[in-house]
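**Q** This is the structure, below, for whatever I ask next.
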Amino acid sequence: MFDAAVNGVMQDESISSSRAASMSASEGHVPVDAPILAPVRFAELATDIGAPSAIEAGIANVKFPVRRVRAGETLYRAGDRFDAIYIVRAGFFKTVRIEANGVEQIMAFPMRGDAIGLDGASDQRYRTETRALDTSLVAVVSLDRLASLAGAGGVAERLLHFIFSREMRRQQDMMLLLGSFSAEARVAAFLLQLADKFGRLGYSRTSYLLKMSRQEIGSYLGIKLETVSRTLSALASAGLIRVDQKSIRLLDVAALRDRVVSHEDASRPVRPPGPAMRAAAGSRMHAAEPALA
C-alpha cells in the first residue's frame, strides 16, 4: 500500500537535487512574501497537482487568483459555504475536524500540489476547518470558474476526477494505517510519505523540517503525543533517523521501510480506532465524494 512512497524515497537523491537547482520561481519556489500575488495559469496548477495528461492550449492560459494565508490564519471554517477548491502553491496547512466536545481531529497536512476543500462538495458546506501552519499561498479555483470551463473539451472534468480519485486513494490508505499499523509503523510511514512528497517537489528526500507539532502528528496518526516523541527517539537511537527539534534526517531509509512493512507487533497490539477516530475516517471518505453538481 505504502510501497509507492517508501520506494520513492529510495530513489537517487541526485535526481531531486538537480531538479531543485533547475526549478524557477513559478515551478517550485513560490515567493510567499511577494507584495503583489500574480495569478496562476491552469497549466501550472495541473503541473502542481501532478495531472497525467497535457492541457490543451485553449485552456492552459486560463488564470486563477492566488491568496496568501499567514501562519495561524484560517482558510475556511466548518459550515462555510462551499464556493471554491484551493490548490496549495506554497507552504503548509492542517485540516481539522472539530468534534462536538471541542476536540480537534487532524485530517490532513496539505502542502504544495494538494487540493483543499473537497469535503464541501457533497452538501455544499465545508465540513472541516483549514489553517496555515506557516505563510502559505493557495490558488482559488472557484466553482463559477470551473463551471465556465465545463465545455473546454472535458479538461476541467478530467482534472477534477483525477483530484478526487487521488484523494480517495489517500483516505483509503489512511484508514488502513489507522486500523492495522503499530504506532512505530505509523510514525515511520508518516516520515517516509513526507520525504516522498518533498522529493516529488524537487527537494531533498532525506532531510526536511516538520512544520507540525508532535501533538498535531499524534492527532493525525491516532496516537498520543508521548508516543510520537518516544517513537521518534527510538528510531533515532536505532540509527534510522536524526532528530533535532523539528529537523528530520532519514539515515537508513531501507531499515525505516522495513519498520513499515513489518508493522505487526504482537508485543504492542494496535489500539483499535475509537468512535472519534472511526468518525474521522468516515469523514475522510465522505470528503472525497465527487459531487459538485
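**Q** Can you tell me which residue is least open to solvent (accessible area, probe 1.4 Å) among those in the range 201-233 that are under 14 Å from Glu184 (Cβ atoms) and out of contact with any helix residue (DSSP H, G or I) (no Cβ under 7 Å at 6 or more places or on another chain)?
**A** The residue in question is Ser233.
**Q** Any chance the range 156-165 includes a residue that's of a type in the set (Lys, Arg) and modelled with pLDDT of 90 or more?
**A** No, the conditions are met nowhere in the range 156-165.
**Q** Quickly run through the range 90-140 and pick out the residues that are assigned to a strand (DSSP E or B), open to solvent by 10 Å² or more (accessible area, probe 1.4 Å) and of a type in the set (Val, Ile, Thr).
**A** Thr95, Ile98, Val140 - these are the residues of the range 90-140 that are assigned to a strand (DSSP E or B), open to solvent by 10 Å² or more (accessible area, probe 1.4 Å) and of a type in the set (Val, Ile, Thr).
**Q** Within the range 91-107, work out how many residues are modelled with pLDDT under 95 and out of contact with any Asp or Glu (no Cβ under 6 Å at 6 or more places or on another chain).
**A** Residues flagged as modelled with pLDDT under 95 and out of contact with any Asp or Glu (no Cβ under 6 Å at 6 or more places or on another chain) within the range 91-107 amount to 9.
**Q** Can you tell me which condition Ala236 does not meet? The list is (1) part of a helix (DSSP H, G or I); (2) of a type in the set (A, V, I, L, M); (3) under 26 Å from Val103 (Cα atoms), and all the others hold.
**A** Exception for Ala236: condition (3).
**Q** Testing Glu157 on (1) open to solvent by less than 30 Å² (accessible area, probe 1.4 Å); (2) free of Cβ contacts under 8 Å to residues at least 24 places away in the same chain; (3) not hydroxyl-bearing (Ser, Thr, Tyr), one condition comes back false. Which one is that?
**A** Result: Glu157 fails condition (1) only.
**Q** Here is a check on your reading of the model: is Glu216 at pLDDT 95 or above, more than 23 Å from the chain's Cα centre (by Cα) and not aliphatic (A, V, I, L, M)?
**A** no
The values are calculated or read from the model by the stated rules, or taken from the named source; none is laboratory data. Being a predicted model, the structure only gives us computed values, none of them experimental. Using ideal geometry, Cβ is built from the backbone for each residue, glycine included, and neighbour counts are taken over all protein chains shown. With ligands, DNA and RNA removed, areas are computed over all heavy atoms of the protein, side chains included. Shrake-Rupley method; radii C 1.70, N 1.55, O 1.52, S 1.80 Å.
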